[in-house]
Amino acid sequence: MVRPRRFSSVAFAIFAAAVIPAFAAVGLVGSIATAPARARIGPPPVDLPAQNITIASGSGHALAGWFVPGSPHAGAVLLLHGVRANRLQMLDRARFLHRHELAVLLFDFQASGESAGDNITFGHLEARDARAAFDALRFKAPGEKIGVIGMSMGGAAAVLAEPPLEADAMVLEAVYASFQDVVEDRLALYFGPPGRLLSPGLTWQVKPRLGFDPAELRPVDRIGRLTMPLLLIAGQAGRHAPLAEVRLLYQRAEATKQLWIVPGAAHVDFHRFAAADYEARVLGFLLPKLEGAQ
């Protein structure tokens, strides 16, 4: 009976040596991923006539942002940045939209940029921010038709918002199909295919760490309820939001829809990657839907 006991002790020691560091690493990854991404933004750039605004959000936090007035009946656009970024990520989009006389609102999601917040929640609280920002733009640009451009997490927040955003058009860039998919994709990207095995350790943390069920973060289940025209954009070589996920979102969408696959692009800023094509396609999609009074 002594040998089996020794064997069991050795086996347990080997198991613990392998598994405990892995779970510790997953816990550390969870802490880093959800930590606030605060940054000092400073005043608006001199080439953009933006006004500082503060938005009260259902997320429980005050959101810092800029509003850029446009010409009457030219339309207005809400810009929603990606994860661990802030409104500066959308600044070049604001510039080209302003050149076409549209009103623009760009802001920092909770726990990002200059907005208050305790944790990034990958679309959960950010969906409430998107709702609040949309209402703020409707107040700042009364009577204007409104478009939305959401990048990655920002696009997910736009799809998940409650009640659904009453936009006249929506552009969704590299949006994940479900939180489970994005976790597995990122772990495989950083650790190779075996990294997907760590996915349960990360998704398990969401409820005790952030207070909600990660199964709620499924844009693929919500996109079918949107009624406004949709333009979905994906990178041909995307690894964070693989092309298959964006195609699934496109398939599930029931509204009038378009899909643009950007050749050679991964999970990047599509405007910076292909500025001329991006502006032509996005403006060609938005302008006819936003011109004229509401």
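With respect to being at pLDDT below 90, within 25 Å of A266 (Cα to Cα), out of contact with any helix residue (DSSP H, G or I) (no Cβ under 6 Å at 6 or more places or on another chain) and assigned to a helix (DSSP H, G or I), Y190 fits the description.
For the stretch 28-45, residues that are of a type in the set (V, I, T) and modelled with pLDDT of 95 or more total 1.
Let's see how each residue does on (1) within 18 Å of L226 (Cα to Cα); (2) in a loop (DSSP other than H, G, I, E, B); (3) touching a strand residue (DSSP E or B) at 6+ places or on another chain (Cβ under 7 Å):
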| residue | (1), (2), (3) |
| --- | --- |
| D118 | no, yes, no |
| A127 | yes, no, no |
| F139 | no, no, no |
| Y176 | yes, yes, no |
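Within the stretch 209-220, the set of residues being touching a Lys or Arg at 6+ places or on another chain (Cβ under 8 Å) and either of a type in the set (G, A, S) or part of a helix (DSSP H, G or I) (or both) comprises P214, V220.
This table checks each residue for (1) surrounded by 24 or more Cβ atoms within 10 Å (Cβ to Cβ); (2) within 19 Å of the chain's Cα centre (by Cα).
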{"site": "S57", "(1), (2)": "yes, yes"}
{"site": "H61", "(1), (2)": "no, yes"}
{"site": "A64", "(1), (2)": "no, yes"}
{"site": "L97", "(1), (2)": "yes, no"}
{"site": "H100", "(1), (2)": "no, no"}
{"site": "E144", "(1), (2)": "yes, no"}
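Residue-wise test of (1) of a type outside the set (A, V, I, L, M); (2) buried (at least 16 other Cβ atoms within 10 Å of the Cβ); (3) part of a strand (DSSP E or B); (4) at pLDDT 60 or above.
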residue: F12; (1), (2), (3), (4): yes, no, no, no
residue: V26; (1), (2), (3), (4): no, yes, no, no
residue: L48; (1), (2), (3), (4): no, no, no, yes
residue: V77; (1), (2), (3), (4): no, yes, yes, yes
residue: G82; (1), (2), (3), (4): yes, yes, no, yes
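For residues that are surrounded by 15 or more Cβ atoms within 10 Å (Cβ to Cβ), over 22 Å from S178 (Cα atoms) and hydrophobic (A, V, I, L, M, F, W, C), tally how many sit in the stretch 246-282. Total meeting the criteria: 3. Would you call I233 part of a strand (DSSP E or B) and more than 24 Å from L165 (Cα to Cα)? Taking the combined requirement at face value, the residue does not satisfy it.
Of everything in the stretch 120-142 that is among the basic types (K, R) and farther than 17 Å from G60 by Cβ, the residue that is nearest to the chain's Cα centre (by Cα) is R138.
Pairing residues of the stretch 179-199 that are within 14 Å of A33 (Cβ to Cβ) with residues that are aromatic (F, W, Y) and at pLDDT below 70, at Cβ distances under 8 Å and at least 6 apart in sequence or on separate chains, gives L198/F191. For the residues L160, L165, L172, the requirement of being modelled with pLDDT of 95 or more, buried (at least 16 other Cβ atoms within 10 Å of the Cβ), aliphatic (A, V, I, L, M) and over 20 Å from E245 (Cα atoms) singles out L165.
For every residue, the table says whether it meets (1) among the hydrophobic types (A, V, I, L, M, F, W, C); (2) in contact with a strand residue (DSSP E or B) (Cβ under 6 Å, 6 or more places away or on another chain); (3) assigned to a helix (DSSP H, G or I).
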{"residue": "I261", "(1), (2), (3)": "yes, yes, no"}
{"residue": "A266", "(1), (2), (3)": "yes, yes, no"}
{"residue": "D277", "(1), (2), (3)": "no, no, yes"}
{"residue": "R281", "(1), (2), (3)": "no, yes, yes"}
{"residue": "F285", "(1), (2), (3)": "yes, yes, yes"}
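Among the conditions (1) assigned to a loop (DSSP other than H, G, I, E, B); (2) over 16 Å from the mean Cα position of the chain (by Cα), E162 misses just one, which is (2). The condition of being of a type outside the set (G, A, S), at pLDDT below 95 and not in a strand (DSSP E or B) holds for only one of F7, F109, that being F7.
The values are calculated or read from the model by the stated rules, or taken from the named source; none is laboratory data. Not measured: the values here are computed from a predicted model. With ideal geometry, Cβ positions are generated from the backbone for all residues, glycine too; neighbour counts draw on all protein chains shown.
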